[in-house]
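Everything on this sheet refers to the single structure shown next.
The values are calculated or read from the model by the stated rules, or taken from the named source; none is laboratory data. On a predicted model such as this, the values are computed, not experimentally measured, just so you know. Reconstructed Cβ throughout: ideal geometry from the backbone, glycine too, with neighbour counts over all protein chains shown.
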Amino acid sequence: MLRLSLFALLIVSGAAALSAQTSTTQTQTQQQTQPQTPTQTQTTLTDNIPVQAIKAPRNPLPSEDASANATKFTFFVYGDTRGRRDGYELQYEHSLVINSMVAQIKKLEKTDYPARFVIQTGDGVANGAMGKQWNLSYIDLINKLTQDGGVPYFLAPGNHDVSSADTHDAERRQPGLKNYYSANAELLPPDGSPRRLSGYPVFSFGYGNTFVIAFDSNIAGDEKQIAWITEQLEGLDRQRYKNVFVYSHHPAFSSGPHGGAQIEKPTQIIRDRYMPLFRKHHVKVFFGGHDHLFEHWIERYEDSTGKHRLDHVLTGGGGAPLYAYAGDPDIRPYVKQYAEEKVSLERIAKPSYEPGGGAYHYVLVQVDGEDIKLEIVGLDWGRDFQPYRSNKANLSEK
C-alpha cells in the first residue's frame with residue numbers, strides 16, 4: 001500500500017512539473033513573439049553610463065551640390081534591431097543583417113549602383129535609456145557598417161530608443177533621447193543645419209536626385225515637427241529631387257500586433273496629418289517598422305497632375321523577435337475620408353501567420369533615375385524569403 005501511494009505521488013509530482021515546464025515554455029514563446037505593451041516600453045530604467053559615439057563613415061555623403069548629378073545608386077533600409085540580451089552581449093540576429101549588408105556593399109562597389117547610405121526605422125536597442133545597451137550590444141555593429149562598409153547610417157528614433165512619451169519635453173523621454181544623440185553624434189546633420197530640426201531627432205538629407213526625411217513618430221503630433229517637415233517638402237527643388245522618401249518608426253498601416261484592428265495614436269496621427277502632406281508632395285515611399293515583419297501596401301490617388309502611387313513598406317526584421325500576422329487594419333475610414341482624391345489601398349506583400357514564416361531581413365533600394373526597385377534580402381533560415389512570390393518589386397509600375 002505504501003509503494004502504491006509513493007507511486008501515485010510521483011505521478012502527480014511529475015505531472016505538475018511537466019505542466020509548469022509547459023507553462024514556462026509557452027510564456028517564453030509569447031514573450032518572444034508578442035509586442036511589449038506601452039507600460040513595458042517606457043524606458044524609465046537608466047544607468048547613467050555615457051554612450052559612445054558611432055564612428056563617422058569612411059565615405060560620408062558629399063554635399064548636396066557635389067552629388068547633384070547622381071542618378072544611379074543603392075541604399076539599404078531596415079529596422080527593429082533590439083535584442084533579448086541587450087546590455088550583456090552583441091545583438092546576434094542584428095549581426096547577421098550587418099554582415100550581409102557589408103558583403104552587399106562590397107559587391108555593389110563594382111556595379112553601376114554603388115551603396116550610398118543605410119537608413120534604420122528605429123528601436124536600435126531594447127531600452128535606450130540604458131547606456132550599456134548601446135555600448136555593449138549595438139555600437140560596434142554599426143561601426144562595422146560605417147567602417148568596413150564605409151557608408152553613412154541614419155537612425156530614426158523608435159519607442160524603445162526614447163520611450164513612447166508623446167511630447168518632446170516629457171521627462172521620461174529625456175534619458176533615452178540623450179543616449180540617442182550621443183550614439184549618433186557623428187552621423188546626424190548638426191543642430192543649426194537647414195537639414196535638422198533644432199533640438200529634435202528629426203532630419204533630412206539629399207543625395208543625387210533623391211531626398212530623404214526622417215521624423216520622430218513617437219511625437220507624431222508635435223506641431224513644430226509637422227511644420228518643419230512641411231517646410232522641407234515645400235522648399236524642395238523638384239526639378240532636381242525627383243524621388244522623395246520618408247521614414248519613421250511607426251507605419252501608417254500594419255497587419256501585425258501593433259496594427260490590425262487597433263490603431264495606435266502615432267499611426268492615427270500619421271494617417272490624419274502626414275499622409276495628406278505626403279500625397280500633396282508626391283512622396284514615393286514611406287518606410288516604417290515597429291511590427292517585426294515585412295509588409296507592403298500601395299496607396300493610389302489622383303490630383304490635378306494625374307494618377308499617382310505612394311508605397312508603404314514596413315520593414316521590421318532587423319533582429320528583434322519576429323511577429324506574425326495579427327489581423328487586417330480597417331482601411332475603410334481612411335479610404336472614405338479621402339474619397340475626393342480617389343484614394344485606394346492594395347496590399348502586395350502580407351505577413352506570415354506564424355513568426356517562423358517571416359524572416360530577418362533588410363531592403364535593398366535601387367535608384368535608377370525615377371525608377372525604383374526593391375530587393376528583400378532574407379537571412380538565416382529565411383534566406384529564401386519571397387514576400388512577393390519573389391523577393392523583388394518594381395515600384396515604377398502603375
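Once region 299-325 is narrowed to residues that are in contact with a strand residue (DSSP E or B) (Cβ under 6 Å, 6 or more places away or on another chain) and in a loop (DSSP other than H, G, I, E, B), the residue that is surrounded by the most Cβ atoms within 10 Å (Cβ to Cβ) is 317. For region 141-177, the set of residues classified as within 19 Å of the chain's Cα centre (by Cα), assigned to a loop (DSSP other than H, G, I, E, B) and charged (D, E, K, R) consists of 166 only.
Only one entry of 356, 318, 327 meets the criterion of being at pLDDT 95 or above and either at negative phi or of a type in the set (Asp, Glu) (or both), and that entry is 318. When the strands (runs of 3 or more DSSP E) confined to region 338-398 are screened for residues that are surrounded by fewer than 13 Cβ atoms within 10 Å (Cβ to Cβ), those reaching at least 1 such residues are found at 344-349, 392-394.
Any residue at all in region 111-130 that is surrounded by fewer than 18 Cβ atoms within 10 Å (Cβ to Cβ), closer than 30 Å to residue 240 by Cα, touching a Ser or Thr at 6+ places or on another chain (Cβ under 6 Å) and of a type in the set (Phe, Trp, Tyr)? Checking region 111-130: at least one residue is surrounded by fewer than 18 Cβ atoms within 10 Å (Cβ to Cβ), closer than 30 Å to residue 240 by Cα, touching a Ser or Thr at 6+ places or on another chain (Cβ under 6 Å) and of a type in the set (Phe, Trp, Tyr). Hey, can you tell me all the residues within region 148-177 that are farther than 22 Å from residue 223 by Cβ, touching a Pro at 6+ places or on another chain (Cβ under 8 Å) and of a type in the set (A, V, I, L, M)? Listed by number, the list holds a single entry, 151. When residues in region 178-211 are screened for being buried (at least 22 other Cβ atoms within 10 Å of the Cβ), touching a Pro at 6+ places or on another chain (Cβ under 7 Å) and not in a loop (DSSP other than H, G, I, E, B), 2 of them pass. Do the conditions hold for residue 123, that is, is it outside any loop (DSSP other than H, G, I, E, B), in contact (Cβ under 8 Å) with a residue 24 or more places away in the chain, of a type in the set (D, E, K, R) and over 28 Å from residue 369 (Cα atoms)? So residue 123 fails the test.
The set of residues in region 87-120 that are aromatic (Phe, Trp, Tyr) and in a helix (DSSP H, G or I) contains only 92. Every condition in (1) crowded, with 16+ Cβ neighbours inside 10 Å; (2) under 20 Å from residue 383 (Cα atoms) is met by residue 87 except one, and the failing one is (2).
In region 68-89, the residues that are over 30 Å from residue 321 (Cα atoms) reach residues that are small (Gly, Ala, Ser) with C-beta atoms within less than 6 angstrom, at least six apart or across chains, in these pairs: 70/208; 71/208; 71/369. Of 108, 145, all but one fail to be in contact with a strand residue (DSSP E or B) (Cβ under 6 Å, 6 or more places away or on another chain), free of Cβ contacts under 8 Å to residues at least 40 places away in the same chain and either of a type in the set (A, V, I, L, M) or closer than 22 Å to residue 216 by Cβ (or both); the exception is 108.
Just so you know, in region 90-105 the residues that are hydrophobic (A, V, I, L, M, F, W, C) and in contact (Cβ under 8 Å) with a residue 24 or more places away in the chain include one that is farthest from residue 245 (Cα to Cα), and it is 90. Among the conditions (1) in a strand (DSSP E or B); (2) crowded, with 16+ Cβ neighbours inside 10 Å; (3) more than 18 Å from the chain's Cα centre (by Cα), the only one that residue 334 does not satisfy is (1).
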